[in-house]
Amino acid sequence: MSDYNNRQEFEMDHWPELRTAFTKLVKTVQQDKEIPKQFKSELFTMASLASGCTHCQSHGAFRLNSMGVETERIRALWEYETSDLFTDGERAAFNLVRAAAQIPNAAKPEHFEALRKHYSNTQIIEILAVSSLAAWLNRWNDTIATVTDQESVDWATENLSDVGWNIGKHTGESSEQRKAHPINMGWVERNK
């Protein structure tokens, strides 16, 4: 047994109303609106990178892969500032999300000035919603060291290890492991 004895007892599933409300929030935030689902998933992954939650990093990356995003682009998130795979607008959004994920929050007016060159207020609200959703999951999963499902671990280990990803504290007994990535459990919708 891990140092986090019985961490399964702290999963959201033990508060069904919370799981239902949170699943609804995830679906609302992640839907295609003015910011497409793919970019929202990239933003989620960036927030998870900044917070250090390797569980959520693997989930964000696995979801991007399941959406058909090229592995090269997913890997480039680890070096987005210098990668030519991202636009200036995408970098501005990543910069805000990365700053917002830090503790204490490092977001500054300059982040919003840069965003306004590329996005409407509604789009910026969507970016903030993704960042805040990620923060909730990053804090929850990293606090209890949620055991990452094997399909996400396998994909991330194979494709992201050489850019710095590792499972960290999110290992545990097989009895603690979720059956599948949240996308395959119905908590997150697939990109259709």
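Coordinate-derived values only; no laboratory data. Quick caveat: nothing in here was measured; it's all calculated off a predicted structure. In this analysis, Cβ positions are derived from the backbone assuming ideal geometry, glycine residues included, and neighbour counts consider all displayed protein chains.
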FRET efficiency estimate (nearest 0.05) - Cβ-Cβ, T82 to Q31, R0 22 angstrom: 0.10
Dipole-positive endmost among A106, A50, M67 within region 1-113 (Cβ charges, Cα centre): M67
Derived scalar couplings ³J(HN,Hα) [region 48-62; Karplus, 6.51 cos²θ - 1.76 cosθ + 1.60; whole Hz; x for Gly, Pro]: 5, 4, 5, 7, x, 7, 5, 4, 6, 4, 5, 5, x, 5, 4
Ascending count of other beta-carbon atoms within 10 Å, so fewest first, for F62, F39, F94: F39, F94, F62
Computed Rg/Rh of region 1-141, alpha carbon atoms with Kirkwood Rh: 0.98
Ordering of 117-125, 10-18, 149-157 by packing [mean C-beta count within 10 Å, highest first]: 149-157, 117-125, 10-18
Nearest-20 debye value, region 34-185 charge dipole, Cβ charges on Lys, Arg, Asp, Glu: 460 debye
